[in-house]
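To keep things clear, I will list the structure first and then write my remarks on it.
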Ligand SMILES: N[C@@H](CCC(=O)N[C@@H](CS)C(=O)NCC(=O)O)C(=O)O
């Protein structure tokens, strides 16, 4: 199964919701906390079209987006197929 990585901060409700969704689907993920990681956060924004909010969800190398995009992907049944790629 393709690895899921989620960049979060501890006070972010959207991050908790995204993790709940993944948990509820039984999808294991690697969490990278961005609290205090200003350089890493700037780098992520630079390499992902100026994306400035958390969570940032990746499936393998592919940047999925944030909570809204993760939910949308899940709703239209696109999450599992991406996990099975590669
Ligand atoms: N549409 C975004 C909204 C995400 C969002 O607004 N995240 C907030 C935290 S819940 C955020 O990043 N705020 C700025 C910050 O924490 O620096 C998504 O679905 O992920």
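Coordinate-derived values only; no laboratory data. Given the structure is predicted, the values throughout are model-derived calculations rather than measurements. Cβ atoms come from the backbone with ideal geometry, glycine included; neighbour counts cover every protein chain shown.
Assorted remarks:
- The antiparallel fraction among DSSP beta bridges confined to the chain stands at about 65%.
- Gaussian network model of the chain, springs between alpha carbon atoms under 10 Å - residue of 67, 22, 44 with greatest fluctuation: 44
- Angle between the chain longest axis and helix 13-24 axis [Cα atoms, degrees, rounded to 10]: 30 degrees
- Computed from Cα atoms, the angle from the helix 38-47 axis to the main principal axis of the chain rounds to 60 degrees.
- Residue separation of residue 32 and residue 52 scaled by 0.36 nm, minus their Cα-Cα distance, works out to 5.7 nm of gained length.
- Computed Kirkwood radius, in angstrom, where 1/r is averaged over Cα pairs of the chain: 13.0 Å
- Exposure proxy shown here: for 3, 19, 39, the number of other Cβ atoms within 10 Å sets the order, fewest to most, as 39, 3, 19.
- Among 49, 28, 18, residue whose mean-square fluctuation peaks in a GNM of the chain (springs only between Cα atoms under 10 Å): 49
- Residue of 32, 54, 64 that the Gaussian network model of the chain assigns the largest fluctuation, springs spanning Cα pairs under 10 Å: 32
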